[in-house]
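Read-outs: derived from the displayed coordinates by stated rules, not from any lab. Computed from a predicted model, the values in this text were never measured in an experiment. Cβ atoms come from the backbone with ideal geometry, glycine included; neighbour counts cover every protein chain shown.
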């Protein structure tokens, strides 16, 4: 991992443990949160991985809200609320910020991306902005594209670079080919001084070189190499002899 310095946007974050009233209540009872002290962020790409329910999306959401993003996603200018469902965890995080501020930023939540697309249409209808806001997203309504197409339009057209981008399971919308396209676009943005924090299950995205991978596990959080992740090991095993694996699984 490259040495962190104050030139990057998010250097790390920690939990103000002394302020937590009870570690037996959600979300503080999640092992990843209960055992959290401080995590350092890679200057370019940091991944959060773990089983369903491990808390990676909860942690990413809290990080996004603590930074100033709308809980349902979007840029820091978005302030709509369809259904308030985020936890109070953001109130207990202490962010370590670099000296530079990002010129751009976006929080993507796969489960509420539809709400972001709806808000863009709403803002264009009530503000009569010139040019329309949708032009920053490729000029075509995100609702008039497939989920994967609209997501790539977002990343390609709306992500300007020199930004902090928090993505929650972006692979949910993307085919394997489109996931590779996302990796290529991420690399373009990294070369434009951008920083990503991504919660994911994708063994393809996790292969991004020189990234930091944190695994949220029953006993807390630990850093892994790509080849040590369950995502890599299971995928490799399956592809090397899927017939034998399926035979044992289905017997």
query: In nm, what is the difference between 0.36 nm times the number of residues separating residue 250 and residue 156 and their Cα-Cα distance?
result: 29.7 nm
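If each residue of separation counts as 0.36 nm, what is the full-extension length gain between residue 19 and residue 103 once their alpha-carbon separation is subtracted?
27.0 nm
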query: Gap in Å between the Cα centre of the stretch 40-65 and the Cα centre of the stretch 165-242?
result: 12 Å
- request: May I ask you to derive the FRET efficiency for residue 75 and residue 241 from their Cβ-Cβ distance with R0 = 41 Å, giving the value to the nearest 0.05?
  value: 0.35
